[in-house]
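Right, one structure below, let's go through it.
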Amino acid sequence: MTETINLNNDFLSGSVITIDKLADHIEKMYKHNLNLFMWGNPGIGKTDAVKQFVAKQRLTNPDFKSYYLTLAHMDPTDLSGLPMFIEKDGVKITSWATPEFLPRDPNAVGVMFLDEYNNASGAVQNACQQLIQERRIGNYHLPDGIFIIAAGNPEGQNNASTQLSAPTKNRFAH
């Protein structure tokens, strides 16, 4: 029997999930290739749930990797890379040096975990928008086997947390 996803189901938008069930729900999103945004107070175990999911995946696929980015500590160039000049057809053009922490293997499988998403600056969130929507940043393309998970604190939780833009909200199951 094929499992179907109902957007009003207990593991998607608008529902509360206990932290001990979160790793199981991450697995459901992964199986359906749906970007996931986890909301919760600081210190409740969102990151640990992602680590549990990754550990479980590694039992069957040792090549399953985790790419952890704390967005609140980043600048836009940390994601897009630094500009450099290259010569193409006798003309110097601007290209971007891909950050070393982004997966380069086109066959890579795993999770890109964008932590503290709504505590990041607007410019960093904008850079992530292209990654989430188009699975690329500039010339860099995120491998198809990489699943995107983001996490944030409820709006108003602290002075740094901001409201997500409508396009960002629409790209995630919450």
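The values are calculated or read from the model by the stated rules, or taken from the named source; none is laboratory data. Just so it is clear, the model here is predicted, and its values are computed rather than measured. Neighbour counts run over all protein chains shown; Cβ positions are idealised from the backbone, glycine included. Surface areas here come from the heavy atoms of the whole protein model, side chains and all, with no ligands, DNA or RNA. Shrake-Rupley method; radii C 1.70, N 1.55, O 1.52, S 1.80 Å.
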| Phe101 open to solvent by 60 Å² or more (accessible area, probe 1.4 Å) and closer than 26 Å to Pro42 by Cα | yes
| said: Please verify whether Asn107 is in contact (Cβ under 8 Å) with a residue 24 or more places away in the chain and touching a helix residue (DSSP H, G or I) at 6+ places or on another chain (Cβ under 7 Å), treating the condition exactly as stated. | reply: no
| request: Provide a single number: the residues in the range 82-98 that are open to solvent by less than 100 Å² (accessible area, probe 1.4 Å) and among the basic types (Lys, Arg). | output: 0
| message | Quick check on the range 123-134. Is at least one of its residues in a loop (DSSP other than H, G, I, E, B) and either open to solvent by 50 Å² or more (accessible area, probe 1.4 Å) or in contact with a helix residue (DSSP H, G or I) (Cβ under 8 Å, 6 or more places away or on another chain) (or both)? | response | no
| message | For the range 57-72: of the residues being within 15 Å of the chain's Cα centre (by Cα) and assigned to a helix (DSSP H, G or I), which is modelled with the lowest pLDDT? | response | Ala72
| query | Does the range 135-174 hold any residues that are in contact with a helix residue (DSSP H, G or I) (Cβ under 7 Å, 6 or more places away or on another chain), open to solvent by 30 Å² or more (accessible area, probe 1.4 Å) and within 19 Å of His25 (Cβ to Cβ), and which are they? | reply | Arg171
| field | Selected residue [modelled with pLDDT of 90 or more, buried (at least 17 other Cβ atoms within 10 Å of the Cβ), in contact with a strand residue (DSSP E or B) (Cβ under 9 Å, 6 or more places away or on another chain) and not polar (S, T, N, Q)] from Leu79, Leu36, Leu22, Leu12 | value | Leu36
| Criterion violated by Val54 - all others in (1) under 24 Å from Val124 (Cα atoms); (2) within 17 Å of the chain's Cα centre (by Cα) satisfied | (1)
| Any idea which of (1) modelled with pLDDT of 90 or more; (2) more than 22 Å from Gly152 (Cβ to Cβ) is the one Glu3 doesn't satisfy? | (1)
